[in-house]
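Visitor: Here's a structure for you.
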Amino acid sequence: MAASPLVRADAPDATLVVRGAHVLDPRSGIDEVTDVVVRGGEVAAIGRDADAPEGAETVDGTGRHLFPAFVDPHVHLRTPGQEHKEDLETGTRAAAAGGFCAVLAMPNTDPVVDSAPLLRSLRDAARLQARIPVGFLPAITRGLGGTELTEMAELREEGAVGFTDDGRPVVSAGMLRKALQYQRLCGGVIALHEEDPSLSGKGAMHEGEVSALLGVAGIPSISESTMVARDAMIAGYEGGRIHVQHLSCVESVAAVAAAKERGVQITAEASPHHLLLTHEAVRTLDTRMKMNPPLRTEADRQALIEGLRSGVIDCVATDHAPHARDEKEVPFEQAPMGTTGLETSFAALYTELVKPGVLPLELVLRRLTDGAALFGLPTPVIQPGAPANLALVDLGAEWVVGDGGYESRSANCCFDGRTLQGRVVLTVAAGAVAYRTRSFEVVA
Amino acid sequence: MRHLLSIEDLDRADIERICDRAGAFEEVAEREVKKVPALRGRTVLNLFYEASTRTRSSFELAAKRLSADVVNFAASGSSVEKGESLKDTILTLGAHKPDAIVIRTPWAGAAELVSRWTPAAIVNAGDGKHEHPTQALLDVHTLRRRLGNLDGAKIWIVGDVLHSRVARSNILAFQKMGAEVTVAGPPTLIPRGIEALGCDVRYTLDDLPQADVVYALRMQHERMTDSFVPSLREYATWYQVNGRRLGPRQVLMHPGPVNRGVELSAEVVDSPQAVITAQVAAGVVVRMAVLYEVLAHANATAPHETDPSHPVPA
């Protein structure tokens, strides 16, 4: 019997009534101003003037929106070994502040999460420290070395949600094929960071006009798209299930679309930074804009938005990648790849895509939760009897990213300094209050 | 001008002003005592993270001819090898209160980054493969001396553009001065997207006779081991500027050091068309003008300066 995939620290079930919020959940179909009662870990009741349970806290939802809380299938929590960047507590606190009720953590830690004892100790630590439920994707290959499979079946029994070598590609086609064959025994989605190192080389940003001007070695989009196409072929041949992480370019979107057309079991994600920024943001060599895959062109960005709209891209994932200040405060080419994203994901998408009318709010809400089902996790939904996973958001609230600091231990956010609209004021994850703004007023 | 970080930051008037002042400094080199007191009491720190003989000594000579105190700091054998970060190095050296830091690093944007960590004026002496602005200024100065002006001049930059900070700075500087720039070289060494800088791209030297100026770049041996070119012999066959390819009215430039027999044949290096030694000489006066620009000019209250518009006090 496999262990339950998500773990978190014990937290008391919330007993509260959110009164007068605009409740919006495209899945349950609810779209009205009403009251929501939370009790015993569940949404106990929905309806105007619903009776407050004994001792319930009343939360004023007036002028605010209540959404199903979000799920992020791609974050770096840095435990074990890199706790100077982030840990299970700070990372899940940042997630809760961004309205997330569940996240999936990547294994490129130190040591790499590639064995059952390591996974067990990590999950034990999460049971003490994680503010919201966390799942773990251990490595496909030992030490992310690309040459030996991990003990995938044992890892699954220990609670592995899936497998990934994220941060590195599975360079060998033969190795990926074996992992997909083995997947028939143990299950678990294989999530892939797609990159051909012979093409990306020492690249530090997108190869194009901006890299030509800056003299910084480029990462061509074909380093990603050729691997997406290759791996879709392998997955199709083996009947395996793959998930392509952080798509960044138009050719990769096309490769995923073509594979879906052929019936390959392939899903894909895109990050807020790839959906909202381009390589123009790298002109100043701001190390917060350095990530892998890199920010690419406007045409690539538009293709990602279109892919998200059409469903070729199944979900949004932040690839939250915290780095310490001294690690990023170096020349661009020396800086590590990655941006934080958990605290800004919804607000950035709302400000830059929903408000200008590029994408409907309902679609963005879906894509912020669709990651759950891809990995076999329950999808947050607002309906009576469902687990209480709720994000109360003030869509009118403007805030400057980074003003007042971050919940994350790190500050390397690509949206730092931007004025965004839409602020999470309360997050309920698996029935417990996981976050509330410091200025939040309790109405007795 | 507070710093010299990039040719991108300069306009034509800035470039002309610096070159004019460099011209005024030329007379100093002819004196018996090759020194003027323009920067007396000022400290210039040369901070080099990459091996460099020419650029470093050229800056050193420029600072000394302006009577500045010069400290050379090489990254090898220093705290940098003990793992000190660039920021900590700058903060540490900043405690010596340098007025200007001349910095070369293997990293794009490092000079700009450093300018945020110190009140000293920063002069970029090469940041990775990004820019080498004083090289571009001395090349413009050399060409103005030779041609009068660059308006309408057709300048071909030939060779390894991909790995060349000189190419990037010179494309920008030559264009700002009114020249038409073409880059030519093997397709593996021409960066994708370079057309966005407004230059033409060629993969052969067939049309080289159109050029008024031929600017050859240094071809490094390691490009061969990285498979950018199959062999230096084949490179030379296709891209070497030699007596057969170079016309009598064309001007030949090279940033040095030259690989004779690779990018240039011996006969053109020694030909009257070549201005390579003039470029080296221009290096000192242009760097004097740059140091003057960021130090003396920025601060009209400097004790030894009565009129900053006169660069060479008697």
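The values are calculated or read from the model by the stated rules, or taken from the named source; none is laboratory data. Computed from a predicted model, the values in this text were never measured in an experiment. For neighbour counting, all protein chains shown are included, and Cβ atoms are generated from backbone atoms with ideal geometry for every residue, glycine included.
Visitor: Does B:ALA136 count as surrounded by fewer than 23 Cβ atoms within 10 Å (Cβ to Cβ) and either assigned to a helix (DSSP H, G or I) or touching a strand residue (DSSP E or B) at 6+ places or on another chain (Cβ under 6 Å) (or both)?
Guide: Values: surrounded by fewer than 23 Cβ atoms within 10 Å (Cβ to Cβ): no; either assigned to a helix (DSSP H, G or I) or touching a strand residue (DSSP E or B) at 6+ places or on another chain (Cβ under 6 Å) (or both): yes.
When the stated conditions are applied, B:ALA136 does not pass them.
Visitor: If A:VAL282 passes every condition in (1) surrounded by fewer than 21 Cβ atoms within 10 Å (Cβ to Cβ); (2) within 11 Å of chain B (Cβ to nearest Cβ) but one, which one does it miss?
Guide: Of (1) surrounded by fewer than 21 Cβ atoms within 10 Å (Cβ to Cβ); (2) within 11 Å of chain B (Cβ to nearest Cβ), only one is false for A:VAL282: (1).
Visitor: Of the conditions (1) in contact with a strand residue (DSSP E or B) (Cβ under 8 Å, 6 or more places away or on another chain); (2) in a helix (DSSP H, G or I); (3) within 27 Å of A:LEU363 (Cβ to Cβ), A:ARG288 fails just one. Which one is it?
Guide: With respect to (1) in contact with a strand residue (DSSP E or B) (Cβ under 8 Å, 6 or more places away or on another chain); (2) in a helix (DSSP H, G or I); (3) within 27 Å of A:LEU363 (Cβ to Cβ), A:ARG288 is out only on (3).
Visitor: What are the residues in segment B:207-250 that are over 14 Å from B:VAL268 (Cβ atoms) and of a type in the set (D, E, K, R), if any?
Guide: Once the filter is applied, which keeps residues that are over 14 Å from B:VAL268 (Cβ atoms) and of a type in the set (D, E, K, R), segment B:207-250 yields B:ASP207, B:ASP212, B:ARG218, B:GLU222, B:ARG223, B:ASP226, B:ARG233, B:GLU234.
Visitor: Another question, if that's okay. Of all residues being small (Gly, Ala, Ser) and part of a helix (DSSP H, G or I) in segment A:158-193, which is surrounded by the most Cβ atoms within 10 Å (Cβ to Cβ)? Just the residue, please.
Guide: Across segment A:158-193, the extreme among qualifying residues is A:ALA179.
Visitor: Based on this model, can you work out whether A:GLU148 counts as within 30 Å of A:ALA388 (Cα to Cα) and surrounded by fewer than 21 Cβ atoms within 10 Å (Cβ to Cβ)?
Guide: No; evaluated as a whole, the condition is false for this residue.
Visitor: Scan segment A:324-339 for residues that are closer than 20 Å to A:ASP87 by Cβ and either within 14 Å of chain B (Cβ to nearest Cβ) or touching a helix residue (DSSP H, G or I) at 6+ places or on another chain (Cβ under 7 Å) (or both) and jot them down.
Guide: If the condition is that a residue be closer than 20 Å to A:ASP87 by Cβ and either within 14 Å of chain B (Cβ to nearest Cβ) or touching a helix residue (DSSP H, G or I) at 6+ places or on another chain (Cβ under 7 Å) (or both), then A:ALA324, A:ARG325, A:ASP326, A:GLU327, A:LYS328, A:PRO336, A:THR339 are the ones that fit.
Visitor: Looking only at segment B:139-152, decide whether some residue is within 14 Å of chain A (Cβ to nearest Cβ) and either hydrophobic (A, V, I, L, M, F, W, C) or not in a strand (DSSP E or B) (or both). Steps first, answer last, please.
Guide: First pass over segment B:139-152, keeping only residues within 14 Å of chain A (Cβ to nearest Cβ): none.
No, that holds for no residue.
Visitor: Within the bounds of segment B:29-49, is there any residue that is closer than 30 Å to A:ALA212 by Cβ, in contact with a Lys or Arg (Cβ under 7 Å, 6 or more places away or on another chain), aromatic (Phe, Trp, Tyr) and within 14 Å of chain A (Cβ to nearest Cβ)?
Guide: Yes, the conditions are met somewhere in segment B:29-49.
Visitor: Give the residues of segment A:110-131 that are part of a loop (DSSP other than H, G, I, E, B) and either among the basic types (Lys, Arg) or not assigned by TED's automatic domain parsing to the domain that holds A:LEU149 (or both), sorted by residue number.
Guide: The one that is part of a loop (DSSP other than H, G, I, E, B) and either among the basic types (Lys, Arg) or not assigned by TED's automatic domain parsing to the domain that holds A:LEU149 (or both): A:ARG131.
Visitor: Any chance segment B:57-73 includes a residue that's in contact with a helix residue (DSSP H, G or I) (Cβ under 8 Å, 6 or more places away or on another chain), under 30 Å from B:GLN279 (Cβ atoms) and modelled with pLDDT under 95?
Guide: yes
Visitor: Looking only at segment B:228-248, filter to residues that are over 19 Å from B:LEU189 (Cα atoms), touching a residue at least 24 places away in the same chain (Cβ under 8 Å) and not hydrophobic (A, V, I, L, M, F, W, C); which one of those is surrounded by the fewest Cβ atoms within 10 Å (Cβ to Cβ)?
Guide: Checking each candidate, the answer is B:PRO248.
Table: residues versus (1) in contact with a Cys (Cβ under 9 Å, 6 or more places away or on another chain); (2) among the aromatic types (Phe, Trp, Tyr).
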| residue | (1), (2) |
| --- | --- |
| B:PHE59 | no, yes |
| B:LEU66 | no, no |
| B:VAL70 | no, no |
| B:ALA75 | no, no |
| B:SER85 | no, no |
| B:ILE103 | no, no |
| B:TRP117 | no, yes |
| B:HIS141 | yes, no |
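Visitor: Please verify whether A:LEU308 is crowded, with 24+ Cβ neighbours inside 10 Å and either in contact with a strand residue (DSSP E or B) (Cβ under 8 Å, 6 or more places away or on another chain) or within 14 Å of chain B (Cβ to nearest Cβ) (or both), treating the condition exactly as stated.
Guide: yes
Visitor: Within segment A:111-145, take every residue that is within 19 Å of A:LYS178 (Cα to Cα) and out of contact with any Pro (no Cβ under 7 Å at 6 or more places or on another chain) and give me the one that is surrounded by the most Cβ atoms within 10 Å (Cβ to Cβ).
Guide: So the residue we want is A:ILE140.
Visitor: Hey, can you tell me all the residues within segment A:135-159 that are of a type in the set (D, E, K, R) and more than 27 Å from A:ALA373 (Cβ to Cβ)?
Guide: Let us first name the residues in segment A:135-159 that are of a type in the set (D, E, K, R), namely A:142, A:148, A:151, A:154, A:156-158.
Residues satisfying the conditions are A:ARG142, A:GLU148.
Visitor: Restricting segment B:181-201 to residues that are out of contact with any Gly (no Cβ under 8 Å at 6 or more places or on another chain), in contact (Cβ under 8 Å) with a residue 12 or more places away in the chain and within 12 Å of chain A (Cβ to nearest Cβ), which is nearest to B:GLU234 (Cα to Cα)?
Guide: Going through the qualifying residues, I end up with B:ILE190.
Visitor: (1) surrounded by fewer than 24 Cβ atoms within 10 Å (Cβ to Cβ); (2) polar (S, T, N, Q); (3) in the same structural domain as B:GLY185 (by TED's automatic domain parsing): which one isn't true of B:ASN170, the others all being true?
Guide: (1)
Visitor: Only one of B:ALA95, B:ALA75 is within 14 Å of another protein chain (Cβ to nearest Cβ) and of a type outside the set (Phe, Trp, Tyr); which?
Guide: Of B:ALA95, B:ALA75, the one residue that is within 14 Å of another protein chain (Cβ to nearest Cβ) and of a type outside the set (Phe, Trp, Tyr) is B:ALA75.
Visitor: Is it the case that segment B:157-165 has a residue that's in a helix (DSSP H, G or I), within 19 Å of the chain's Cα centre (by Cα), surrounded by fewer than 21 Cβ atoms within 10 Å (Cβ to Cβ) and within 14 Å of chain A (Cβ to nearest Cβ)? Step through it out loud before you land on a result.
Guide: Initial filter on segment B:157-165 (in a helix (DSSP H, G or I)): B:165.
The next check asks that each one be within 19 Å of the chain's Cα centre (by Cα); those that pass are B:165.
Then keep just the ones that are surrounded by fewer than 21 Cβ atoms within 10 Å (Cβ to Cβ); that gives none.
No, segment B:157-165 has no match at all.
Visitor: Only one of (1) more than 14 Å from chain A (Cβ to nearest Cβ); (2) closer than 22 Å to B:GLY23 by Cβ is not met by B:ALA136, so which one is it?
Guide: (1)
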